[in-house]
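Peer 1: Structure incoming, see below.
The values are calculated or read from the model by the stated rules, or taken from the named source; none is laboratory data. Model, not experiment: these values are computed from the prediction. Cβ: placed from backbone, ideal geometry, glycine included. Neighbour counts: every protein chain shown. The area values use the complete protein model at the heavy-atom level, side chains included, leaving out ligands, DNA and RNA. Shrake-Rupley method; radii C 1.70, N 1.55, O 1.52, S 1.80 Å.
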Amino acid sequence: MSDKKIVIIDYGMGNVGSVAAAIDYLQGNYLISNKRKDLAGADALILPGVGAFGAAIENLQDLGLVEELNQQVLMNKKPFFGICLGMQLLALDSVEQGYHRGFGWIEGHVIALKPEKKLRVPHVGWNNVNFDRSNLFFQRIDEGAHFYFDHSFCLACKEDLIIATCDYGGTCVAAIQKENIFAVQFHPEKSQRNGLKMIRNFLNYIDAQIECRQDQVC
Amino acid sequence: MLKVRIIGVLVVKAGTVVQSINFDKYLPVGRPAIAVDYLNRWGIDEITLLDINATQEARSPRFDDIREYSKSCHVPLSVGGGISDIDDIRRLIHFGADKVVLNNVLVKNINLITEGARLFGNQCIVASIDARRISPRKYEAFTNSGKMPTGFAPAELAKKAEERGAGEILLNSIDRDGSKKGYDLELIEQVMNAVNIPVIVCGGVNHPSHFQEAIELGVSAVAAANFFHYTEHSVITVKSYLKSLDDRVRLDSYATYDHSKFDLLGRAGKEEDTVLDKLRFEYIPEEII
């Protein structure tokens with residue numbers, strides 16, 4: 001494994017400890033930081049999330065991280081992994097506790113979860129996810145694997161971005177991908193072996209990207 | 001389909017996991033970090049850690065301990081005990097908790113629930129309600145480890161917590177705690193009907209069929225504390241027992257859950273000698289992630 005540097009972005013509300021514990025288990029290198037220069041020097045970025053949309057975007061903006069993320073992820077094409085709220089923040093906007101603008105990286109909106117059949121909200125617990133095993137991030141994960149969800153808002157976006165869904169009184173977006181941007185609604189850091197495998201797949205993806213850049217073949 | 005979670009509760013007193021009986025007597029079990037590690041390996045769906053003397057000692061949660069426990073916890077970790085302000089919640093989440101469990105603030109400072117939900121989202125806030133039966137069909141909610149009556153019915157308090165921003169209710173029965181009599185289904189129904197958020201039930205489990213009763217009632221999660229101690233692979237045994245409830249429990253760790261023999265207490269029964277003989281020479285390598 002190469003000596004890659006992953007920065008787990010700490011904007012004061014993410015469950016950075018849990019994400020760090022998962023990467024520790026996989027013996028990866030990481031830095032927990034909220035500094036722009038660390039983001040600039042990273043090989044890959046992870047944006048965890050336990051929090052409300054408005055408060056999160058406010059914190060990120062105060063730290064000047066939105067601008068830096070735009071630069072690193074959209075311009076420099078660094079591998080990016082968004083988790084839970086870290087996925088929702090990529091949308092154009094959200095209606096969680098008022099109207100808030102997101103990063104606008106993907107064409108989508110964050111809307112309140114309104115499942116049919118009077119299911120309870122928030123959607124908390126282990127749900128089986130439908131995905132295509134040929135996708136890089138779902139490699140080696142068994143079909144119909146369970147992942148841990150915990151959210152009351154969900155992403156509604158263009159269909160060609162969606163790489164995984166789950167069923168909770170209607171179809172719910174579970175994972176999206178757009179070039180180097182990969183994001184999930186569930187918590188892979190808290191989804192036992194399946195989740196750890198997914199994070200391992202992301203680490204492998206970073207390695208491949210670094211190699212790519214060194215050989216300048218892509 | 002969403003599965004019903006099976007939650008392991010670790011009641012921690014002075015840094016030691018204890019078995020609690022009626023919120024009154026406590027038997028020591030062992031170190032929390034080890035309990036977390038084992039429950040995680042056995043495929044538990046979630047772990048709830050309650051520090052029951054933080055409030056009595058008027059101190060904050062032990063953040064460094066939480067950091068240590070969360071290292072081997074690859075399932076969601078909810079932490080309760082001694083949380084009195086937003087900074088406590090922020091630090092717990094930073095140190096590896098995924099959700100916080102709030103009990104005393106329900107009556108003392110309910111604004112913390114609203115404020116916590118505003119900053120961390122309501123999915124992060126679990127309102128814990130300890131209920132005691134005061135007359136047939138009537139219950140009262142208590143705080144301070146079951147010592148302080150609140151004057152509220154559990155259903156009433158649950159409704160209030162939901163309105164103020166809680167994302168889940170953790171309902172514990174003081175009478176059934178450590179009683180081995182199974183869940184108080186009457187109490188569970190009252191609270192479930194009052195709220196629209198997920199309800200986790202706890203207190204009294206001594207047999208896997210007790211989980212089944214609550215699951216059939218429609219709860220979102222079933223929790224137990226004492227029941228998971230002192231039995232190897234207790235979580236796997238429970239899940240094998242509940243396997244007949246097709247599609248209601250999560251069965252996807254590397255265990256097979258094929259075991260079908262249970263003794264009267266719902267523990268794994270002894271297999272035939274021929275089966276055991278074969279097992280002696282079987283090598284099952286651990287999957288590398």
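Peer 1: Counting alpha carbon pairs within less than 8 Å and at least 6 residues apart, what relative contact order, in whole percent, applies to region B:5-260?
Peer 2: Relative contact order of region B:5-260: 17 percent.
Peer 1: Let me ask something else about it. Relative to the longest principal axis of the C-alpha atoms of chain B, give the angle of the C-alpha long axis of helix B:185-194, reported between 0 and 90° and rounded to the nearest 10°.
Peer 2: Approximately 50 degrees, to the nearest 10.
Peer 1: If one takes the accessible area of chain A alone plus chain B alone and subtracts that of the pair, with a 1.4 Å probe, what total in Å², rounded to the nearest 100, results?
Peer 2: It comes to approximately 3800 Å² buried between A and B.
Peer 1: Which value in nm describes the separation of the simple spin-label points at B:S260 and B:Y230, placed 7 Å from the Cα toward the beta carbon?
Peer 2: Going from the B:S260 label point to the B:Y230 one covers 3.1 nm.
Peer 1: Please report, as a whole percent, how much of the solvent-accessible surface of chain A comes from carbon and sulfur atoms (probe radius 1.4 Å).
Peer 2: Taking all protein chains in place, chain A shows 47 percent carbon and sulfur surface.
Peer 1: Where the accessible area of region B:5-260 is counted over protein heavy atoms with a 1.4 Å probe, how much of it, in %, is carbon and sulfur?
Peer 2: That fraction is 48 percent.
Peer 1: Then there's this: May I ask you to give the solvent-accessible area per residue for region B:82-139, in square angstrom, as obtained with a 1.4 angstrom probe?
Peer 2: It amounts to 37 Å² per residue over region B:82-139.
Peer 1: Assign unit charges at the C-beta atoms only (+1 for Lys and Arg, -1 for Asp and Glu), then state the dipole size of the protein assembly as shown relative to its Cα centre in Debye, rounded to the nearest 20.
Peer 2: 760
Peer 1: Given labels modelled 7 Å from the Cα in the Cβ direction, how far is it in nm from A:K35 to B:Q56?
Peer 2: 4.4
Peer 1: Distance cut-off 27 Å, Cα to Cα: go down the list A:K35/A:K197; B:K25/B:K181; A:K118/B:K3 and report the pairs above it.
Peer 2: Result: A:K35/A:K197 exceed 27 Å.
Peer 1: Compare each residue of region B:1-38 in its chain alone against the assembly with all protein chains, and report those whose accessible area goes down by 10 Å² or more; 1.4 Å probe, heavy atoms.
Peer 2: Residues shielded by partner chains are B:M1, B:L2, B:K3, B:R5.
Peer 1: Set the Förster radius R0 to 51 Å, insert the Cβ-Cβ distance between A:K77 and B:K25 as r into 1/(1 + (r/R0)^6), and round the FRET efficiency to 0.05.
Peer 2: Once rounded, the FRET efficiency stands at 0.25.
Peer 1: Then there's this: Counting chymotrypsin sites (Phe, Trp or Tyr not before Pro) as exposed when in a DSSP loop with at most 12 other beta carbons within 10 Å, what is the longest stretch of chain B free of them?
Peer 2: Counting at most 12 other Cβ atoms within 10 Å as exposed, the longest clean stretch of chain B is B:1-229.
Peer 1: Something else now. What is the angle, in °, between the Cα long axis of helix B:32-41 and the longest principal axis of the Cα atoms in chain B? Nearest 10 is fine, range 0 to 90.
Peer 2: Taking the Cα atoms of chain B, the angle to B:32-41 is about 50 degrees.
Peer 1: Here's another thing I want to ask about it. Quick check on chain A: helices-only [θ] at 222 nm, where DSSP H runs of length 4 and up contribute -39,500 (n - 2.57) each and the sum goes over total residues. Nearest 500, please.
Peer 2: Roughly -8000 deg cm²/dmol at 222 nm, from the helical runs in chain A.
Peer 1: Taking a probe of 1.4 Å, how large is the accessible area per residue of region A:115-218, in Å²?
Peer 2: On a per-residue basis, 40 Å².
Peer 1: On alpha carbon coordinates alone, what is the Rg over Rh value for region B:103-178, Rh being the Kirkwood radius?
Peer 2: Computed over Cα atoms, the ratio is 0.99.
Peer 1: Right, something else. Using only protein heavy atoms and a 1.4 Å probe, report how much of A:R213 is accessible, in Å² to the nearest 10.
Peer 2: Taking all protein chains as shown, A:R213 has close to 110 Å².
Peer 1: Quick check: residue separation of B:D247 and B:S209 times 0.36 nm, minus the Cα distance between them. What number comes out in nm?
Peer 2: Once the chain is fully extended between B:D247 and B:S209, it gains 12.0 nm.
Peer 1: Between the chain alone and the structure with every protein chain in place, find the residues of region A:179-210 that drop at least 40 Å² of accessible area; heavy atoms, 1.4 Å probe.
Peer 2: A:K190, A:Q192, A:R193, A:K197
Peer 1: Rg to Rh ratio, the protein assembly as shown, alpha-carbon atoms and Kirkwood radius?
Peer 2: Over the Cα atoms of the protein assembly as shown, Rg/Rh equals 0.96.
Peer 1: To continue, here is another question. Restricting to DSSP loop positions (anything but H, G, I, E, B) with no more than 11 other Cβ atoms inside 10 Å of their own Cβ, which GluC sites (Glu not before Pro) remain in region A:104-190?
Peer 2: Counting only loop positions with at most 11 other Cβ atoms within 10 Å, the GluC sites (Glu not before Pro) in region A:104-190 are A:E116, A:E143, A:E179.
Peer 1: Roughly what angle does helix B:111-120 make with the longest principal axis of chain B, taking Cα atoms, 0 to 90 degrees, to the nearest 10?
Peer 2: Long axis of B:111-120 versus the principal axis of chain B: about 60 degrees.
Peer 1: Hey, if we sort B:D24, B:D85 by accessible area with the 1.4 Å probe, largest down, what's the order?
Peer 2: B:D24, B:D85
Peer 1: So if R0 is 35 Å, what FRET efficiency would B:N109 and A:K5 give, r being the distance between their Cβ atoms, rounded to the nearest 0.05?
Peer 2: For R0 = 35 Å, the calculated efficiency reads 0.25.
Peer 1: Moving on. Could you tell me what percent of the DSSP beta bridges with both partners in the protein assembly as shown are antiparallel, to the nearest 5?
Peer 2: 45
Peer 1: Kirkwood hydrodynamic radius, chain B, all distinct C-alpha pairs: what's the number in Å?
Peer 2: 19.4
Peer 1: Another question about this same structure. Just flag the trypsin sites (Lys or Arg not before Pro) in region A:139-191 sitting in loop per DSSP whose Cβ has no more than 11 other Cβ atoms within 10 Å.
Peer 2: A:K158
Peer 1: What's the average, rounded to a whole number, of partner chain beta-carbon atoms within 10 Å of each residue's beta-carbon in B:64-72?
Peer 2: That average works out to 2.
Peer 1: To the nearest 500 deg cm²/dmol, what mean residue ellipticity at 222 nm is calculated for chain B from DSSP H runs of n ≥ 4 alone, each contributing -39,500 (n - 2.57), summed and divided by the residues?
Peer 2: -8500 deg cm²/dmol, from helical runs alone.
Peer 1: Which percent, to the nearest 5, of DSSP beta bridges fully inside region B:5-260 are antiparallel?
Peer 2: Antiparallel: roughly 30 percent of the beta bridges in region B:5-260.
Peer 1: Next question, about the same structure. Do any GluC sites (Glu not before Pro) in region B:28-72 lie in a DSSP loop with no more than 15 other beta carbon atoms within 10 Å, and if so, which?
Peer 2: Within region B:28-72, the qualifying GluC sites (Glu not before Pro) (loop, at most 15 other Cβ atoms within 10 Å) are B:E57.
Peer 1: Could you compute the FRET efficiency for A:T171 and B:K270, with r as their C-beta to C-beta distance and R0 at 51 Å, rounded to 0.05?
Peer 2: 0.65
Peer 1: Would you check the accessible area of B:K159, probe 1.4 Å, heavy atoms only, in square angstrom rounded to 10?
Peer 2: That residue has around 80 Å² of solvent-accessible surface.
Peer 1: Using only the Cα atoms of chain A, build the gyration tensor, take square roots of its eigenvalues as a ≥ b ≥ c, and label the shape rounded, prolate or oblate: rounded if a/c is under 1.5, else prolate if a/b is larger than b/c, else oblate.
Peer 2: oblate
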